[in-house]
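**Q** I'd like to ask some things about the structure below.
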Amino acid sequence: MNIYVGNLASETSEDTLNRAFAAFGQVKSASIIRDGTTGESRGFGFVRMEVQEEAQTAIREMNEKELDGQVIKVEKGRTNVVRNRGRQAGSRGGRGGPHRRVGFGSGRQGRSRQENRGRGGRSSRGNR
């Protein structure tokens, strides 16, 4: 079972996380999420435990406990869902609704292009 651990102190290491959760059962892995550029902790991580009952006990016992001077938030991790980053079939882009092509002129139907040109253009307003 995957366990989310939030509000980690910047100095908390994977080893510290592993030892804290090992008190409740076998820890398969412990990782801290780090900034890709600086390598600094982003303040959260994940612990993976093999046995679900042990993981649930760890969540219950570790939530709102202090670790490295910080009160941590512990909850069941969400499953990673692979998302399609490309456009889906039939997608029109990010604005919602169908794409509409606006015609020339006022857009009133039944008028010809020539009729639209004479309505509201410079020539009908006089010189300015």
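Laboratory data are not the source of any read-out in this text; all were calculated from the coordinates shown. Just so you know, these numbers come straight off a predicted model, no measurement behind them. Note that each Cβ is placed from the backbone with ideal geometry, even for glycine, and that neighbours are counted across all protein chains shown.
**Q** What does the convex hull of the Cα atoms come to per residue for the stretch 2-76, in Å³?
**A** Hull volume normalised by residue count: 71 Å³.
**Q** Then there's this: From the phi angles alone, apply the Karplus equation (6.51, -1.76, 1.60; θ = phi - 60°) to the stretch 50-65 and give each ³J(HN,Hα) in whole Hz, x where the residue is Gly or Pro.
**A** In residue order, the calculated couplings are 5, 9, 4, 4, 5, 5, 5, 5, 4, 4, 4, 7, 8, 4, 6, 9 Hz.
**Q** Suppose the chain between LYS76 and PHE44 were pulled fully straight at 0.36 nm per residue; how much longer would it get relative to their current alpha carbon spacing?
**A** In short, 10.2 nm is gained.
**Q** Starting from 0.36 nm per residue, how many nanometres of slack lie between ASP15 and LYS65 once their C-alpha separation is accounted for?
**A** The ASP15-LYS65 span can extend by a further 16.3 nm.
**Q** Fewest to most neighbouring Cβ within 10 Å: what's the order for THR12, THR37?
**A** The most exposed by this proxy come first: THR37, THR12.
**Q** Would you calculate the separation in nanometres between label points at GLN56 and GLN26, each defined as 7 Å from the Cα along the Cα-to-beta-carbon direction?
**A** Distance between label points: 1.9 nm.
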